[in-house]
1. How many residues does the stretch 80-95 hold that are surrounded by fewer than 16 Cβ atoms within 10 Å (Cβ to Cβ) and either under 20 Å from residue 139 (Cβ atoms) or touching a residue at least 60 places away in the same chain (Cβ under 8 Å) (or both)?
2. Does the stretch 106-117 include one or more residues that are under 15 Å from residue 11 (Cβ atoms) and part of a helix (DSSP H, G or I)?
3. I'd like the full set of residues that are buried (at least 16 other Cβ atoms within 10 Å of the Cβ) and in contact with a strand residue (DSSP E or B) (Cβ under 7 Å, 6 or more places away or on another chain), limited to the stretch 103-115.
4. Does the stretch 67-87 hold any residues that are under 20 Å from residue 131 (Cα atoms) and either at pLDDT below 95 or in contact with a Pro (Cβ under 9 Å, 6 or more places away or on another chain) (or both), and which are they?
5. So residue 47 clears everything in (1) within 15 Å of the ligand (Cβ to nearest atom); (2) touching a residue at least 24 places away in the same chain (Cβ under 8 Å); (3) under 22 Å from residue 29 (Cα atoms); (4) surrounded by fewer than 18 Cβ atoms within 10 Å (Cβ to Cβ) except one condition, right? Which one?
6. When the residues of the stretch 50-79 are narrowed to those that are more than 25 Å from residue 140 (Cβ to Cβ) and touching a Ser or Thr at 6+ places or on another chain (Cβ under 9 Å), which ends up nearest to the ligand (Cβ to nearest atom)?
7. Hey, could you check the stretch 1-19 for residues that are under 11 Å from residue 57 (Cβ atoms) and in a loop (DSSP other than H, G, I, E, B) and say which is farthest from the chain's Cα centre (by Cα)?
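The values are calculated or read from the model by the stated rules, or taken from the named source; none is laboratory data. Keep in mind it's a predicted model, so treat the numbers as computed, not measured. So basically every Cβ, Gly included, is an ideal-geometry build from the backbone, and we count neighbours across all protein chains shown.
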Amino acid sequence: MRTIAVIHGPNLNLLGSRNPDVYGSLTMEQINGKIDCRAKELKISARIRQFNSEGEIIDAIHSSAGCAGMVINPGAYTHYSIAIRDAIEAVQIPAVEVHLSNIHAREQFRSTSVIAPVCKGQISGLGWRGYLLALEYLAAAGDE
Ligand code: DQA
């Protein structure tokens, strides 16, 4: 069975209570439940993890090297972490960048993603459904 790594970045453990008007009202556990459910339907396994620190995210990316793909929401690190960008590039598995909010419709600093160039694509602004769409893409990507 193919495994897709799902990596949530900093502050996403606070979903549910953190700016629900921007990020929605579901908790991370509820979103993870939806990811697990979709993964079962797609007959893949989702290895879901959340980290607040940059180093732990980098370790998680390295340990995803054997996975069929990666769904990653690096939170604020998206906008400036060259180290996370380099880690994604180094593992050479297809990655999809996901953001709950539309990073292009908020503060100017959020519209820059340093990881976008090393990802297959970016899903931004579709809330928790973005994770499921990314999973669907990666589950199908190996079949093309
Ligand atoms: C986010 C957008 C980032 O700008 C922000 O720092 C986050 C969440 C999103 O999912 O919309 O923590 O990645």
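1. 1
2. Yes: one or more hits.
3. Result: 103, 113, 115.
4. Going residue by residue through the stretch 67-87, those that are under 20 Å from residue 131 (Cα atoms) are 67-79, 84-85.
Answer for the stretch 67-87, where residues must be under 20 Å from residue 131 (Cα atoms) and either at pLDDT below 95 or in contact with a Pro (Cβ under 9 Å, 6 or more places away or on another chain) (or both): 68, 69, 70, 74, 75, 76, 77, 84, 85.
5. In the conditions (1) within 15 Å of the ligand (Cβ to nearest atom); (2) touching a residue at least 24 places away in the same chain (Cβ under 8 Å); (3) under 22 Å from residue 29 (Cα atoms); (4) surrounded by fewer than 18 Cβ atoms within 10 Å (Cβ to Cβ), residue 47 misses (1) alone.
6. For the stretch 50-79, the residue satisfying everything is 79.
7. 10
Listed here are the residues, each with its yes/no results for (1) on the phi > 0 side of the Ramachandran plot; (2) crowded, with 17+ Cβ neighbours inside 10 Å; (3) part of a helix (DSSP H, G or I); (4) under 10 Å from the mean Cα position of the chain (by Cα).
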site	(1), (2), (3), (4)
72	no, yes, no, yes
97	no, yes, no, yes
101	no, yes, no, no
122	no, yes, no, yes
126	no, no, no, no
138	no, yes, yes, no
